[in-house]
Amino acid sequence: MNRCAGSLVALFLVSLAAATAAAQSKAPRVEQARALTNSASPALTVVPQQLFGALPVSTRSTEARQLVEKAFEEYENVMLVESLASARKATRKDPKFALAYAMWSFAARRDVPAAAALAKANALAVSAPPEERLLVHWMTATQSRDLLPAIQSMNDLLAKFPKDKHVLYLTAEWLYFQQDYEKSRQLFEAAAKIDPNFPPAQNMLGYAYIETGDPDPAKAVAALQRYSELLPTQPNPHDSLGEVYRYAGNDEGSLEEYAAALKLSPTFYTSQLGLGDTSAMMGDYERARTEFAKAIPLAASSRDKLHIAFQKALINFWAGKPEQGRRELAALAQQAAQQKDPYAQYEIGLGRAFLASSTDEEIKALDALQAKFSKPVTGMSANDRQTALASMLRERVRVLSLAGKTGDASRSIHQLEALATATRDSIVGDCYYSAKGYALFASGDYSGAISLLQSDTQNPLVAHQIVLSYEKLGDSANATLAKTRFRYLRAPTPQWYLASQTGAASN
């Protein structure tokens, strides 16, 4: 499993397991230096240790370096808990190793941010070799409120290490999560070309080929089948195939792959969850409930358990029982508040807003949610909070524009513009442009709406609005292409449910 783009919630739910890549560490070398004097005994110089034999690092501890290499490989293979543990252990082996702290914070950002580790990484980077300092600065900059320094550091990293598969993978993954699918695909392909036997690149290519503006399910499946060949005893390749098959509409294939993953690892909870998700999309609601019930005790954290319960509650809406669904979501919202989990509160709260009984009720729900996330939230990074806030504001603009409340919608657009300007975050920017697109659609400017909505096509509601815009213009050819793109967003989410209710998924 690795699909996270297009939905902030999916990015938050990353307590996943996957295969371990083969170790690629290299032992430090001792070389004879050229004599600088006439001494008969030549001096010996210890060559600085290098991460994966390529990037000079500051640590003198072989074990610390090897642990950081292990943390990188675990991260690349979606073993986030293990990666975090390896990085933390490396800091104990060498408390002055900047990259160890950077890796700790980088892995932790996908779950509970590690502010102290991030600060330590930045403080120690001053004394690190230039190459390590550059990597540390990029890893920490991705976690700042202003992402321009991260982009600049990324470009410097790629210029300095254009053939390092680990640098290519990490930067490509970050771009993927920033929804720059074309560039991320190019970098994943470059990593796979350097090492055709590099499993992480094949895994992410499976998703990237589906996410591009011109989805290619055949390439996606081929990449994931190669991923499975490289790791035949691991469940994650089958889990990824199960997910991509579902997006491509091959539900039976999806169920088979999830079952194959569980045969290899009966406790691989994301595949058990996947069985529920695919069954829900097939309309087999009883089976979906059963599969979700099996998944809950397998989940590694309370957040994961709440997410599965959220998916289970959504079945009520698919099955035509919205009031029951709203009652279950209200109870889940209370549980998330009691557990003080901001990510679960965001997912459940926004889901309740999407599925409210009326526009007034949705605005009321969004008001409550925005009041909570408009200021720093304990346990949530600044990046995640601002992205969450942007998604709320975009939804507010959508419903207000549809309701003809252009003045209120305009105020929310201005809020989004200020947030996008302050953060320079591409996801926030996409929310801003698509919000403006909704407003232009409401005003009858369908061409203008399309040009802005196309910045944010991973949201099913936005993708559907593009279809409607082309239909309003009488452009049937582009409307058909937009409908095809929409179908590859097929997932059991509130956004898909609302968009597909209009008939876009079946036309």
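The values are calculated or read from the model by the stated rules, or taken from the named source; none is laboratory data. Here the structure is a predicted model, which is why all the values come from computation and not from measurement. Counting neighbours? That spans all protein chains shown, and the Cβs are built from the backbone with ideal geometry, glycine included. Heads up: the accessible areas ignore ligands, DNA and RNA and are worked out on the full protein's heavy atoms, side chains in. Shrake-Rupley method; radii C 1.70, N 1.55, O 1.52, S 1.80 Å.
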Value at 222 nm in deg cm²/dmol, rounded to 500, when DSSP H runs of n ≥ 4 in the chain each add -39,500 (n - 2.57):
-22000 deg cm²/dmol
Out of 71, 428, 369, whose Cα points farthest toward the positive end of the dipole of the chain (charges: +1 Lys, Arg; -1 Asp, Glu; placed on Cβ)?
71
Read phi for every residue in region 219-234 and hand back ³J(HN,Hα) as whole Hz from Karplus 6.51 cos²θ - 1.76 cosθ + 1.60, θ = phi - 60°, with x for Gly and Pro.
5, 4, 5, 4, 5, 6, 5, 5, 4, 5, 5, 6, 10, x, 9, 9
Checked against a 29 Å limit on the C-alpha separation, the offending pairs among 96/160; 312/405; 321/375 are 312/405; 321/375
Could you put 184, 374 in order of accessible surface area, largest first, with the 1.4 Å probe and the full protein assembly present?
374, 184
Give the share of C-alpha pairs in each 5 angstrom bin for region 376-458, from 0 to the last occupied bin, in whole percents, shortest bins first.
3, 18, 26, 24, 16, 7, 4, 1, 0
In nm, the gap between the two label points placed 7 Å beyond Cα toward Cβ at residue 443 and residue 81 is 5.1 nm
If contacts are Cα pairs under 8 angstrom and at least 6 residues apart, what is the relative contact order of region 261-344 in percent?
23 percent
Whose amide H sits under 5 Å from the amide H of residue 55, counting only residues 5 or more places off or on another chain, with H placed in the peptide plane?
none
Out of region 159-212, which trypsin sites (Lys or Arg not before Pro) are coil in DSSP terms and have no more than 10 other C-beta atoms within 10 Å?
none
In Å and on Cα atoms, what radius of gyration and Dmax does region 244-315 show?
11.3, 31
Give me the percent of accessible area attributable to carbon and sulfur for region 214-275, probe 1.4 angstrom.
50 percent
Tilt, helix 476-487 to longest principal axis of the chain (alpha-carbon atoms), in degrees rounded to tens, equals 60 degrees
Hey, can you find the accessible area per residue of the chain for me, probe 1.4 Å, expressed in square angstrom?
41 Å²
How charged is the neighbourhood of residue 308? Take every other residue with its Cβ under 13 Å from the Cβ of residue 308, and add Lys/Arg as +1 and Asp/Glu as -1.
0
Once each part is reduced to its C-alpha centroid, what is the distance from region 128-151 to region 358-404 in angstrom?
29 Å
Region 334-416: Rg to Rh, with Rh as the Kirkwood radius over Cα pairs:
0.98
5 Å is the cut-off here: which amide hydrogens, built 1.01 Å from N in the peptide plane, fall below it relative to residue 425, excluding neighbours closer than 5 in sequence?
147
Would you work out the charge dipole size for the chain about its Cα centre, treating the Cβ of every Lys and Arg as +1 and the Cβ of every Asp and Glu as -1, and quote it to the nearest 20 debye?
1140 debye
List the aspartates and glutamates whose Cα lies under 16 Å from the Cα of residue 472, skipping any in the same chain that are fewer than 8 positions away.
445
Keeping the other protein chains in place, figure out the carbon and sulfur percent of the accessible area of region 295-376, with a 1.4 Å probe.
51 percent
What accessible area, in Å² to the nearest ten, does a 1.4 Å probe give for residue 378?
130 Å²
How much FRET efficiency would the formula 1/(1 + (r/R0)^6) give for residue 406 and residue 214, where r is the Cβ-Cβ distance and R0 is 25 Å, rounded to 0.05?
0.15
Dipole of the chain, positive direction: furthest Cα of 339, 247, 202, with charges on the beta-carbon
339
Net dipole in debye of region 263-401 [+1 Lys, Arg Cβ; -1 Asp, Glu Cβ; about Cα centre; nearest 20]
220 debye
Can you send over the solvent-accessible area of residue 137, 1.4 Å probe, protein chains only, in Å² to the nearest 10?
80 Å²
